[in-house]
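Comments concern the structure below.
The values are calculated or read from the model by the stated rules, or taken from the named source; none is laboratory data. Everything quoted here is computed from the prediction, not taken from an experiment. Don't worry about glycine lacking a Cβ; one is built from the backbone with ideal geometry, like all the others, and counts go over all protein chains shown.
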Amino acid sequence: MLQKVHPERREEPAMREVLDGRRRGLSALLPFAGPAIVVSVAYIDPGNFATNIQAGARYGYALLWVVVLANLVAMLFQSLSARLGIVTGYSLAEVCRENLPRPLVYVMWVVSELAAMATDLAEFLGGAIGLALLFHLPLLVGMGITAIVTYGLLLLEGKGYRRLEMTIGALVGVVGLSYLAELFIAPVGWKALGQQIFVPNLPDGAAVAIAVGIIGATVMPHALFLHSGLTDRRARPRTDDERKRIIRLSNLEVVLALSVAGLINLAMVIMAAGAFHGSHPDIAKIETAYQTLVPLLGGAAATIFLVSLIASGFSSSVVGTMAGQMIMQGFVAFRIPLWLRRAITMLPSFAVVIAGVDATHALVLSQIFLSIALPFPMIALVWFTSRRAVMGDFRNSGAVSIGAVLAALVVLGLNVVLLLDTFGLISL
């Protein structure tokens, strides 16, 4: 079984109490909580805002089942990513470096770095758009503020990973509470919602494209790399029984954290359906959604919408930068200063705005590149977690492997459909 030693890993006393069986129940989860909460940010980033708004505005509650399906796939793959890190002590990028041919490692590194930059484009622009609309600022000024705030948040990691995890958790809470408030403001047809949420339905070809966008943008490449590395910060298991205990706690955290993220995504679609479906079904841009919310539901609803967007943009941009650092360190064992990483990943965003490219169009293009990059970490994760040489007795069971392969084929197939439609090779 592949494994390495981490003498620098810090073990909290509470973690040892859990592994020794002296802490049980919910109190046992708390010392190990954090990685899935951080990763959950990837599932409520500004890219999800745009897709969910389109789904709710155009089709009401008809595509809620797609959000549920996407969340289940996300839970499966994030649990596999965490398992890989817990069992081996390596991140997914490091496992690739240790096991794959060197040319393939370099290809995966370059693609993954570009994917991290494409991810940050969506996240960074989302936060900046929210600031610009809320405070009536030029977009470039909003981008500058976003850059400063996210860099400040990243510096918290130097004071201990717990501070940064708690801050990100608080921002996730802001997004969640914002959409909880929106559900009390926007009209909701609860009966129709209950009838459609678990019933697969694709009303027309355009609905297929939106469904593909929802699923294809949910399993993000950087999130798969990040989760496996974040587990490295926890206690080092000394026995297989301790590994089993940590894996169980990790799976529980994944279910809880991604359930919250899934509920937030559902709330986004429900809010858009209640606010726009009857009168403004063609809304597709974040800016237009905000401007339309003011006369429809009032200034409070519009302001809450922007606050949630800003919190989402800040937190997801921080997480994207963390993932970029982990990808570089894992694939090529090289680390650059945090300020330089932050500057590099945000440069494409400034270039897009200065060049006069529509921000929402840029978000769409970034998602297309993520679709191209996604097969690399998904296939690698399923492959490595199924191998005894890497995972030992903790390799996937036959049922989990089959489920992961089927889920990967669905997600990757839908991404292929999205790409073919984008380039005009097919028409949905």
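Before moving on, here are some points about what is shown:
- Counting residues in the stretch 112-121 that are touching a helix residue (DSSP H, G or I) at 6+ places or on another chain (Cβ under 6 Å) and in a loop (DSSP other than H, G, I, E, B) gives zero.
- Note on the stretch 321-353: residues that are buried (at least 16 other Cβ atoms within 10 Å of the Cβ), among the aliphatic types (A, V, I, L, M) and closer than 16 Å to Leu114 by Cβ total 7.
- Residue check, Phe334 closer than 24 Å to Tyr151 by Cα, outside any helix (DSSP H, G or I) and in contact with a helix residue (DSSP H, G or I) (Cβ under 8 Å, 6 or more places away or on another chain): yes
- Residues satisfying the stated conditions in the stretch 157-166, i.e. buried (at least 17 other Cβ atoms within 10 Å of the Cβ) and modelled with pLDDT of 85 or more: Leu164, Glu165
- Scope the stretch 32-45; condition at pLDDT below 85, in contact with an Asp or Glu (Cβ under 6 Å, 6 or more places away or on another chain) and of a type outside the set (D, E, K, R); matching residues: Ala33
- When the helices (runs of 4 or more DSSP H) confined to the stretch 195-295 are screened for residues that are under 22 Å from Ala408 (Cα atoms) and either in contact with a His (Cβ under 6 Å, 6 or more places away or on another chain) or modelled with pLDDT of 85 or more (or both), those reaching at least 1 such residues are found at 221-230, 240-276.
- Top-ranked residue in the stretch 354-374 [being surrounded by fewer than 16 Cβ atoms within 10 Å (Cβ to Cβ) and assigned to a loop (DSSP other than H, G, I, E, B); ranked as modelled with the lowest pLDDT]: Asp358
- Of the residues making up the stretch 94-150, those that are under 30 Å from Ala389 (Cα atoms), buried (at least 21 other Cβ atoms within 10 Å of the Cβ) and under 19 Å from the mean Cα position of the chain (by Cα) number 3.
- Every residue from the stretch 136-153 that is farther than 12 Å from Phe350 by Cα, without any contact (Cβ under 8 Å) to a residue 60 or more places away in the chain and touching a helix residue (DSSP H, G or I) at 6+ places or on another chain (Cβ under 8 Å): Leu137, Pro138, Ile145
- Subset of the stretch 385-407 (residues that are among the small types (Gly, Ala, Ser), surrounded by 15 or more Cβ atoms within 10 Å (Cβ to Cβ) and without any contact (Cβ under 8 Å) to a residue 60 or more places away in the chain): Ser386, Ser401
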